[in-house]
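Structure record follows, encoded as structure tokens.
The values are calculated or read from the model by the stated rules, or taken from the named source; none is laboratory data. The structure displayed is predicted, hence computed values, not measured ones. As a convention, Cβ positions derive from the backbone with ideal geometry for all residues, glycine included, and neighbour counts pool all protein chains shown. To get the accessible areas, we keep the full protein, side chains included, count just its heavy atoms, and leave off ligands, DNA and RNA. Shrake-Rupley method; radii C 1.70, N 1.55, O 1.52, S 1.80 Å.
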Amino acid sequence: MSGAVGGGGGSSCLGAAAAASCSSAGSPYSAAAGGGAGVAGRLPARVLEHVFSYLELSDLMRCALVCRNWNKTLADENSEVWRSLCTRTLSDEALRSDILCNLPTYKGKLKAFQHALSSHDCSRNVYVKKNGFTLHRNPIAQSTDGARGKIGFSEGRHAWEIWWEGPLGTVAVIGIATKRAAMQCQGYVALLGSDDQSWGWNLVDNNLLHNGEVNGNFPQCNNAPKYQIGERIRVILDMDDKTLAFERGFEFLGVAFRGLPKACLFPAVSAVYGNTEVTMVYLGKPLDG
């Protein structure tokens, strides 16, 4: 069985670019990186927290590269710095509801928002609600509609939770996709898994899908229970071992797909039922145990 925390998760495709940007921006501070940054490097933690609480995430990432003292101040994921940024960035609904209940730190909640389903990389028939995490499908006939996460992964191990908050309809698929996978098609079909660019688990009939073919039932057991609305499924993507696995109710269901390509893979969903809603929350690096 595996759990997850909101703080880790290896490198992401966009995250790697951001890290490269930060490294480039941080180069003027290389001389200070080994120790202090003059007077600023010796400021008390309370003063630093107050100053940092006015900055945005990109600025904080650069500040963490300045010196050990600044990095140590920003290492507390529940500090006033991250609380302040969290309240400025996330909606009141997201913070007050149970959407982020499995993320104990403010920095973890911010990271989940960074990785949430994208309002720009999805079918025109869906939109992300104001809470920033829930996808709503409009009641459009004869259409299957999907969305990708904002950030994809090319290495490391990653976990996220996903759950339906409305009827599944005839097809409801969760999984992963490359940037080339289609996020809309005509008819009511299993969009994820319909080509060689996506891999999906249809929660309606418990079939695994890839390249337009059924890859067997999942989980592989007799009389596997059907998905219940509101039930959180944990998705575990291991880009080091090239596998995709699932958990339900903290029960490890097994590896669904092996031999994933060395590509940038994004969390993804596809739905067919009008006015149904799907929520996805990135958790970070899974913990084995």
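Details
- Of every Cα-Cα pair in segment 123-212, the percent that sits beyond 22 Å: 24 percent
- Accessible surface, per residue, of segment 57-104 when the full set of protein chains is kept, probe 1.4 Å, Å²: 53 Å²
- Accessible area per residue in Å² at 1.4 Å probe, computed on segment 219-289: 46 Å²
- Using a probe of 1.4 Å, the accessible surface attributed to residue 201 totals some 0 Å² when neighbouring protein chains are kept in position.
- Based on C-alpha pairs under 8 angstrom that are at least 6 apart in sequence, the chain has a relative contact order of 26 percent.
- Accessible area of residue 129 (1.4 Å probe, protein heavy atoms only, ligands and nucleic acids ignored): about 60 Å².
- Carbon plus sulfur fraction of accessible area for segment 75-125, probe 1.4 Å, in percent: 44 percent
- For segment 214-244 versus segment 264-289, the gap between their alpha-carbon centres in whole angstrom: 12 Å
- Remark on residue 118: its backbone amide H falls under 5 Å from those of 148, 149, 150, a criterion applied only to residues 5 or more positions apart or on other chains, H modelled at 1.01 Å from N.
- Equivalent ellipsoid, the chain (semi-axes from 5 times Cα gyration tensor eigenvalues, Å): 37, 19, 17
- Other residues whose C-beta falls under 11 angstrom from the C-beta of residue 166 contribute a net charge of -1, scoring Lys and Arg +1 and Asp and Glu -1.
- Over segment 141-215, accessible surface divided per residue gives 35 Å², non-protein components excluded, 1.4 Å probe.
- Taking Cα centre as origin and charging only the Cβ of basic (Lys, Arg, +1) and acidic (Asp, Glu, -1) residues, the dipole magnitude of segment 193-289 rounds to 120 debye.
- Per-residue ellipticity at 222 nm computed for the chain from its helices equals -6000 deg cm²/dmol, with DSSP H segments shorter than 4 residues left out and the rest contributing -39,500 (n - 2.57).
- Compared with the direct C-alpha span, the chain from residue 92 to residue 141 gains 14.3 nm at full extension, assuming 0.36 nm per residue.
- Highest mobility in the GNM of the chain, judged by mean-square fluctuation with C-alpha springs under 10 Å and restricted to 125, 223, 202, is found for 223.
- Carbon/sulfur fraction of accessible area - segment 173-221, other protein chains in place, 1.4 Å, %: 42 percent
- GNM flexibility winner over the chain from 260, 110, 191 (Cα, springs under 10 Å): 260
- Among the chymotrypsin sites (Phe, Trp or Tyr not before Pro) found in segment 206-289, those both in a DSSP coil and sparsely packed, with 12 or fewer other Cβ atoms within 10 Å of their Cβ, are 250.
- Max mean-square fluctuation residue, GNM over the chain, Cα-Cα springs under 10 Å, options 108, 259, 169: 259
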